[in-house]
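Shown next, in structure tokens, is the structure this report addresses.
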Amino acid sequence: MRRLSLARHPGGLPDAFLLAFDANESDDAHFSRFGIACPPSIARSVPKRRAEYLAGRRAAVAALAEAGVSVADLAIEPSRAPAWPAGFTGSITHAARIAAAVALRDGAVRGVGIDIERVVSAGALDAIVQSVVDTDERLELDGLARGLGLPMALTIAFSAKESFYKATAATVGRIFEFGALKIIRAQGGTGTIEAETAEPLAPGLPAGMRFRLGFSLLDDASAITSCVWMR
């Protein structure tokens with residue numbers, strides 16, 4: 001397991017904990033070895049899903065220890081989100097056999113989300129354009145596309161909206177579409193995305209509320225984004 005600095009991301013995030021995993025690390029012996037329970041819904045899953053669940057929980061336990069609380073495991077909420085200890089919040093993500101987690105005290109933070117994505121394939125570009133960004137957002141991503149390529153720019157846009165969803169889902173309490181958050185500006189030099197809610201999502205999330213999200217590349221083919229929702 002290694003640390004991943006999110007210091008350049010807005011919101012004062014601590015390091016995330018990043019763990020590579022193998023799909024073979026998914027049987028009961030692996031869960032027992034690390035003291036992680038395998039819930040029935042996960043036990044019924046394919047090996048890759050069990051392995052990523054285990055890796056994500058291990059990363060979350062490490063992130064919580066860094067934040068100042070010692071736990072052996074995190075249960076699953078009815079919403080399927082991790083049950084973070086009282087006084088703490090965090091986020092788990094996994095993609096391409098990598099899991100990561102971040103955790104922090106929730107005093108000044110209502111929610112946090114991180115998301116790792118592999119760059120979208122050429123065949124998926126049209127679907128991203130049609131379902132994730134509108135015409136104005138696509139134009140705002142042009143500068144990012146010139147520097148990183150259109151597939152990565154669209155991947156970052158998709159991932160940023162996933163991070164926003166994770167940060168706000170517990171408060172919103174329902175599924176909402178990608179169009180609920182509109183990208184206003186994407187700045188490759190600072191690794192930030194400015195966005196605003198396009199519709200009211202909850203009493204504390206009116207339309208027009210601004211957010212600054214962060215992004216950075218893990219390598220040429222993957223990116224991590226973050227969203228911190230301050231009180």
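Rule-based calculations on the coordinates, nothing more; no lab input. Being a predicted model, the structure only gives us computed values, none of them experimental. Glycine gets a Cβ as well: all are built from the backbone with ideal geometry, and neighbour counts include every protein chain shown.
Brief remarks on what is shown
- Proximal charge balance of Ala170 [Cβ under 14 Å; K/R count +1, D/E count -1]: +3
- Estimated distance in nm for a label pair at Ile175 and Ala75, the labels positioned 7 Å out from Cα along Cα-to-Cβ: 2.5
- Looking at the range 1-43, the trypsin sites (Lys or Arg not before Pro) that sit in a DSSP loop and have at most 15 other Cβ atoms within 10 Å of their own Cβ are Arg8.
- Loop-located trypsin sites (Lys or Arg not before Pro) in the range 82-136 (DSSP state not H, G, I, E or B) with no more than 16 neighbouring Cβ atoms inside 10 Å: Arg97.
- Gyration tensor verdict on the range 31-135 (Cα atoms; rounded if a/c is under 1.5, prolate if a/b is larger than b/c, oblate otherwise): oblate
- Stretching the chain fully between Ala86 and Ala202 yields a gain of 39.5 nm (0.36 nm per residue, less the alpha carbon separation).
- Ranking of Lys182, Lys166 by neighbouring Cβ atoms within 10 Å, starting from the fewest: Lys182, Lys166.
- At full extension, Ala65 and Asp142 could sit 23.7 nm farther apart than now, given 0.36 nm per residue minus the alpha carbon distance.
- Taking other residues whose beta carbon is less than 12 angstrom from the beta carbon of Phe17, and scoring Lys, Arg as +1 and Asp, Glu as -1, yields +2.
- As a proxy for reagent exposure, Lys161, Lys48 were ordered by neighbouring Cβ count within 10 angstrom, fewest first; the result is Lys48, Lys161.
- 12 Å Cα-Cα reach of Lys166 towards aspartates and glutamates, excluding residues that sit fewer than 8 places from it in its own chain: Asp115
- Helical mean residue ellipticity (222 nm; -39500 (n - 2.57) per DSSP H run of 4+; nearest 500) of the chain: -9500 deg cm²/dmol
- Projected-area mean, the range 115-230, by convex hull of Cα positions, square nanometres: 6.6
- Sorted largest first, extent of the chain alpha carbons per principal axis (Å): 50, 39, 30
- Computed about the Cα centre, the dipole magnitude for the chain is approximately 460 debye when only Lys and Arg (+1) and Asp and Glu (-1) carry charge, each at its Cβ.
- A full extension of the chain between Met1 and Leu217 corresponds to an added length of 75.9 nm, given 0.36 nm per residue minus the alpha carbon distance.
- Computed log10 I(q)/I(0) for the range 61-192 at 0.09, 0.16 Å⁻¹: -0.31, -0.89, from the Debye equation with unit scatterers placed on every C-alpha and solvent omitted.
- Residues in the range 3-18 reached by a label modelled at Arg105 [backbone nitrogen below 17 Å; 7 Å Cα→Cβ]: 12-15
- Candidates Phe176, Phe21, Phe211, ranked by Gaussian network fluctuation over the chain, Cα under 10 Å, top entry: Phe176
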